[in-house]
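Right, one structure below, let's go through it.
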């Protein structure tokens, strides 16, 4: 998972304090996935990820994760690739698409 999200192997055993903010975010993302929870809620999960990491995350969610995912995101391309149901909230109006 760490490699899939772009964290080089030399950082796998480094203390969290030695990592950049971007790597810390990725480690926390992996930590949330590692125990294979039944439900996950993500607020902007693709922020600060490069395109390769986003692709890995899409593939993981589509092919490996079996639980329920709830995303809050502005990344419609990511949502279109991962979500089975969507609700768009615009100007206090919710629309299910």
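The numbers here are math on the coordinates, done by the rules we state, and not lab data. Since the model is a prediction, treat every value here as computed from it, not as a measurement.
Return the Rg/Rh ratio of the range 9-96 with Cα-based radii and a Kirkwood Rh. That ratio equals 1.01.
Counting only alpha carbon atoms, the long axis of helix 21-34 and the longest principal axis of the chain meet at about 70°. By DSSP, the beta bridges lying fully in the chain are antiparallel in about 45 percent of cases.
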